[in-house]
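To start, the structure itself, in structure tokens.
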Amino acid sequence: MEVSFAKVVLFRDEILAGIAQGAVNVAFRRLEPGSVREGDSFVTARGKVTVTLIKPVDAETIRDADAHRAGYSSRRVLLDELNLAGSLQVFRLELAFRP
């Protein structure tokens, strides 16, 4: 018997609502390299989210405008959340939504 596991990228409900409304189109995550790839899709309670671009970034280069596009009130709030997630590489994920 073959067992497969779906890839999971979690979004808080308010971020997911922003994705569905088109206000949020970027996510920043600490990930193992290769664990999420361009073209990967995730089915959520609101619809399907697809990663259209993924690239490693230095967390210190994230700006307020990037944080706002990711649904955060400021760069500092986003960085605080990323810092809670450990020390893996930070990746920028460009997102597309389909209901």
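The values are calculated or read from the model by the stated rules, or taken from the named source; none is laboratory data. Keep in mind the model is a prediction, meaning the values are calculated, not measured. Because the Cβ atoms are built from the backbone with ideal geometry, glycine has one as well, and the counts that use them run over all protein chains shown.
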Count - residues of region 17-28 that are farther than 14 Å from A96 by Cβ and either at pLDDT below 95 or small (G, A, S) (or both): 1
Flagged in region 80-99 as over 13 Å from the mean Cα position of the chain (by Cα) and either touching a residue at least 60 places away in the same chain (Cβ under 8 Å) or crowded, with 16+ Cβ neighbours inside 10 Å (or both), in numbering order, are P99
If you go through region 65-79 one residue at a time, how many are surrounded by 18 or more Cβ atoms within 10 Å (Cβ to Cβ) and either of a type in the set (S, T, Y) or modelled with pLDDT under 95 (or both)? 1
When every residue in region 17-53 that is in contact (Cβ under 8 Å) with a residue 12 or more places away in the chain and in contact with a Ser or Thr (Cβ under 6 Å, 6 or more places away or on another chain) is compared, the one surrounded by the fewest Cβ atoms within 10 Å (Cβ to Cβ) is K48
Looking at D58, D13, D40, can you tell me which residue is touching a Lys or Arg at 6+ places or on another chain (Cβ under 8 Å) and charged (D, E, K, R)? D40
